[in-house]
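Trainee: What follows is a single structure, and I will ask about it in a moment.
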Amino acid sequence: MKSTGSTGSTGSAGSSGSTSTVAELVQARWGDHRPGLHFEHAQLTHHQIAAGAAARAELLADLLPRGAEPHIGVLLDNTPEYPLWLSAAALAGAAVAGINPTRRGAELARDIVHTDCRVLITERSHLPLLDGLQLPDVRVLVTDSDAYGELLAPYADATPQISPAATPAARMLLYFTSGSTGAPKAAICSQGRLAAAGQSLVTHFQVRPTDTHYVCMPMFHGNAVIADWAPALAAGAGVALRRRFSASAFLGDVRAYGATYFTYVGRAVQYLLATPERADDTQNPLRMGFGTEAGAVDAARFEKRFGVRLVEGYGSSEGGAAIQRTPGTPAAAIGRPAPGDELAVVDPGTFLECPPAVFASDGRLLNGDAAIGELVNKGRSPFEGYWRNAEADAARLRGGWYWTGDLFYRDAEGFLYFAGRTDDRLRVDSENLAAAVIENILARYEGAAAVAVYAVPDPVAGDQVMAAVSPRLGAEFDPLTFAEFLLSQPDLGTKMAPRFVRVVPRMPVTATNKVARSALRKAGFRCPDPVWWRPPGSASYRPLTPPDVTSLLAQYRAHAREGLLPS
C-alpha cells in the first residue's frame, strides 16, 4: 500500500487510502503549510515539522555507529523536539525509546542502556538526572543548547527521504510498561502497527484535518503517542503540546489552541473535576476525550460540567488486545472486542472461560467471584514482544494465547467490563474481589475527589480492603457520612466495604497519572496520613490509634503472618 504523495500548498484531508508506515505519513505533510504544531507561544506548520524531521533524520544517520542498533533515547518533556524526533526516527527507520524523567539513578541508567540507545536526546532541565550515571558509548544531545543548533545547521536543506530501513516491520517505539514488580519492560511497536493504530482512530473518531489534538499526557508513554499524536499525523490534524499535564491550565490551553480532542490516563479526569467550577466551563471547542480509568461516574460528571463526551477505551499497552465502544454499549462497560480480536475472560488457573456476569435489577454484579477473570486474546495477537526479555514474552503468550494481565467480566450480550489489574485482585473471606469494581462504587461519594482501593493482608487469612480517599477541595473526610454512604449503595457487596480508609491530601500517582497502588500497598495501614478503620463487628469508622496498631500486630504475629506486612 502506498501513500498518495505530497499534499500541495494548502494540505489535504490526508491519504485517500491507508498508509503502511509512519515515515510515509511524515513525508505526506511536506508542502502542507497549515499550522501543525502549537507549543506555548510558538507555532510550526506541517511542512516545517517535516523539514525539521528530515534534518534530524540525516543527523541521526551520521551519529549512529555502523552496526549499532538504530535506537535513540528521548528524555524530554512534551516540547516540539519530541514529535520532531519521532518523525525523524520514522524517516530513518530508527526506534525511539521513551525515557521516563521521573526515574532516577541506576534505574534511569538501566532504561537507557537496556534499550541500546547510542544517542540520547534531552534538555538542560534534565541534565542533572544524568550526573554520575554510567552510560558507555551514549552520545547526549541537549536540544536547548548552542551546540545542538550547530550540529543541525549542515542539514537545514534536507528533504524527507524515507530510508530503505523504514519498513512496516521496522521498530518504531520502545516504550516502557509500568509494573508492580521488577524492572519496567520495553514493549516494541513497529512502524506498521503505529500507522495502523493512528489510521484506525481517525476512522473510529472521524478525526478531521481541521482538528487540533491536545497532547497533555507524557509522550514517553504509549497513550500520548499512539492515541493522540499518531491519529493527528494520520489525519493531517494539528497538535498542541503541554510540557507537563496541568489541571489548572487545561481549559485555558484548550481554548487558546482550539483543541478538539485529547487523551487521558488514570486520575487526570479527577484532577480536572477537582478544579474550581466556573459558569463558562462548557464554553470550549472540545468534541471528545479518549482514555482509560476515568470510570462511568466521573465521565458523566465531566460531560455535565464541560459538555464534553469521554470515551473510555481499552487497549493493552503491548498491542495484544483491544476493545471498542460501539452504539448500545452499557454505560459501565468498555465495549466489545475490536475486529480481529478473539477475546475471552478466562480463569487463569483452569484456562476455562468464566461464566457471563449476572446482574441484579439495580445493576449489582451478583457472581463476581465466578465471572471475573483475566482477559486473553485467543486469536492472532498483534503483540510484537518486549526488547530482549524472552521471559516476559513467554509470560504474555502462555498456551498460545495473549494474556493481558487485566481483569474483566463479560455480560450475556458480549460486552466487556474492566475490573482492574490482576495485581489488584483481593481475596476477602474466601471471596475474590476486584479493586476496580469497588472503586467504581466509591467514586460516587460526593466528598471524594479521588479514591483508590487495594489489598492489605488479613491477620488470619487472605486480604482486607483498604481505600485511599482524597477529599474534595476545601472539604474534610467525615467518617459518619462515609459510612452512611456505604450503607446506601445497593451494589456494595458485604465483603467490599473498606476496613481501613487512608485520607490523603492528594492521590499518589505515577508519571502517567495512574494511581501508585504499589506505594499505597507498601505503606499499608502504617502510613504518615490519618487512617480510619472499622474494628471487626462495627459498621462505623474511628481513628486508627497506636494501641490499635499494636493490637493488630499481635494478631498478625499470633497467626505467623507478620512477615506479610511491609516493614
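Any read-out appearing in this document is the output of simple, stated calculations on the displayed coordinates, not a laboratory observation. Since the structure is predicted, the reported quantities are computational estimates derived from the model, not experimental observations. Cβ: placed from backbone, ideal geometry, glycine included. Neighbour counts: every protein chain shown.
Trainee: Nearest 500 deg cm²/dmol is fine: what mean residue ellipticity at 222 nm does the chain get from its DSSP H runs of n ≥ 4 alone, each adding -39,500 (n - 2.57), divided by its residue count? Could you put the intermediate results ahead of the total?
Mentor: Values: 17 runs with 154 residues, N = 567.
After summing the helix terms and dividing by the residues of the chain, the value is -7500 deg cm²/dmol.
Trainee: Could you name the lysines in cross-link range of residue 522, using Cα to Cα under 21 Å and dropping any fewer than eight places away on the same chain?
Mentor: Straight-distance partners of residue 522: 514.
Trainee: Something else about it: Compute the length gained on full extension between residue 519 and residue 362: take 0.36 nm times their separation in residues and subtract their Cα-Cα distance, giving the result in nm to one decimal.
Mentor: On the way: separation 157, 0.36 × 157 = 56.52 nm, distance 3.45 nm.
Result for the pair: 53.1 nm of gain on full extension.
Trainee: Then there's this: With no solvent and one point per C-alpha, what does the Debye sum give as log10 I(q)/I(0) for the stretch 435-491 at q = 0.23 Å⁻¹?
Mentor: -0.97
Trainee: For the pair residue 397 and residue 304, how long in nm is the line joining their label points, each one 7 Å along Cα→Cβ?
Mentor: It is 4.8 nm.
Trainee: Compute the orientation-averaged projected area for the chain from the convex hull of its Cα atoms and round it to one decimal in nm². Intermediate values should be presented prior to the final figure.
Mentor: Numbers: hull surface 107.2 nm².
Mean shadow area of the hull around the Cα atoms is 26.8 nm².
Trainee: Enumerate the amide H contacts of residue 335 below 5 Å, restricted to partners 5 or more residues apart or on another chain; note that Pro and chain-start residues carry no placed amide H.
Mentor: 416
Trainee: In addition: Tell me, how many Å apart are the Cα centres for the stretch 499-533 and for the stretch 120-186?
Mentor: The two parts, judged by their Cα centres, are 34 Å apart.
Trainee: Go through 270-283, 486-499, 198-211, 439-452 and give me the packing order, highest mean Cβ count within 10 Å leading. Each step should come with its number before you reach the end.
Mentor: On the way: 270-283: 14.7, 486-499: 16.4, 198-211: 18.6, 439-452: 20.4.
In descending order of packing, they fall as 439-452, 198-211, 486-499, 270-283.
Trainee: Give the calculated FRET efficiency between residue 107 and residue 526 to the nearest 0.05, with a Förster radius of 25 Å applied to their Cβ-Cβ distance.
Mentor: Working: r = 25 Å, r/R0 = 1.02.
FRET efficiency, residue 107 to residue 526: 0.45.
Trainee: Sort 514, 522 so that the residue with the fewest other Cβ atoms within 10 Å of its own Cβ comes first and the one with the most comes last.
Mentor: Numbers: 514 18, 522 12.
Listed from fewest to most nearby Cβ atoms, that is 522, 514.
Trainee: Taking the Cα centre of the stretch 64-181 as origin, sum charge times position over the Cβ atoms of Lys and Arg (+1) and Asp and Glu (-1), and report the length of that vector in debye to the nearest 20.
Mentor: Values: 8 positive and 13 negative charges, 77 e Å.
Value, rounded to 20: 360 debye.
Trainee: Follow-up. If you plug each phi of the stretch 363-370 into the Karplus form 6.51 cos²θ - 1.76 cosθ + 1.60 with θ = phi - 60°, what whole-Hz ³J(HN,Hα) values come out, in order, with x for Gly and Pro?
Mentor: Result, rounded to whole Hz: x, 6, 6, 8, 10, x, 4, 8.
Trainee: Can you give the charge dipole size of the chain about its Cα centre, rounded to the nearest 20 debye, using +1 on the beta carbon of Lys and Arg and -1 on the beta carbon of Asp and Glu? Mind showing how you got there, number by number?
Mentor: On the way: 53 positive and 57 negative charges, 57 e Å.
Taking the Cα centre of the chain as origin, the dipole is about 280 debye.
Trainee: Convert 25 °C to kelvin, take the viscosity as 0.890 mPa s, use the Kirkwood radius over C-alpha pairs of the stretch 441-564 as Rh, and evaluate the Stokes-Einstein diffusion coefficient in µm²/s, rounded to a whole number. Before the final figure, lay out each step's value.
Mentor: Working: Rh = 15.1 Å.
Answer, rounded: 162 µm²/s.
Trainee: Continuing with this model, one more query. With θ taken as phi - 60° and the coefficients 6.51, -1.76 and 1.60, list the Karplus ³J(HN,Hα) couplings across the stretch 192-202 in order, rounded to whole Hz; mark glycine and proline as x.
Mentor: x, 5, 5, 4, 5, 5, x, 5, 5, 5, 4
Trainee: Going by alpha carbons, how many degrees (0 to 90, nearest 10) lie between the helix axis of 247-257 and the longest principal axis of the chain?
Mentor: Once rounded, one gets 30 degrees.
Trainee: Ranked from highest to lowest mean number of other Cβ atoms within 10 Å per residue, what is the order of the peptides 289-300, 363-374, 46-57? Walk me through the numbers on the way to the answer.
Mentor: Working: 289-300: 20.2, 363-374: 18.3, 46-57: 23.7.
Going by the mean number of other Cβ atoms within 10 Å, highest first, we get 46-57, 289-300, 363-374.
Trainee: Nearest 20 debye, what's the magnitude of the dipole of the stretch 441-564 about its Cα centre given +1 on Lys and Arg Cβ and -1 on Asp and Glu Cβ? Please report the intermediate quantities before stating the final value.
Mentor: On the way: 15 positive and 10 negative charges, 80 e Å.
The dipole of the stretch 441-564 has a size of about 380 debye.
Trainee: Go ahead and run the numbers for FRET between residue 559 and residue 347, Cβ-Cβ distance against an R0 of 35 Å, rounding to 0.05. The partial results should precede the final answer.
Mentor: Values: r = 28 Å, r/R0 = 0.81.
It comes to 0.80.
Trainee: Could you run the Debye sum over the Cα atoms of the stretch 11-148, one equal point scatterer each and no solvent, and tell me log10 of I(q)/I(0) at q = 0.16, 0.17, 0.21 Å⁻¹, two decimals?
Mentor: Cα-only, vacuum Debye calculation for the stretch 11-148: -0.86, -0.95, -1.29.
Trainee: In the chain, if the dipole is taken from +1 on Lys/Arg beta carbons and -1 on Asp/Glu beta carbons about the Cα centre, which of 190, 53, 564 is farthest to the positive end?
Mentor: Positive-most Cα among the choices belongs to 564.
Trainee: Further question on the same structure: Relative contact order for the chain using alpha-carbon pairs under 8 Å, separation at least 6, rounded to a whole percent?
Mentor: 9
Trainee: Moving to a separate point now. Which cross-chain or sequence-distant (5 or more) residues have an amide H under 5 Å from the amide H of residue 432, H modelled 1.01 Å from N in plane?
Mentor: Under 5 Å from the amide H of residue 432: no residue qualifies.
Trainee: Now for a separate question. Using +1 at the C-beta of Lys and Arg and -1 at the C-beta of Asp and Glu, which of 73, 167, 89 has the Cα lying farthest in the positive direction of the dipole of the stretch 22-191?
Mentor: The one lying farthest along the dipole's positive direction is 167.
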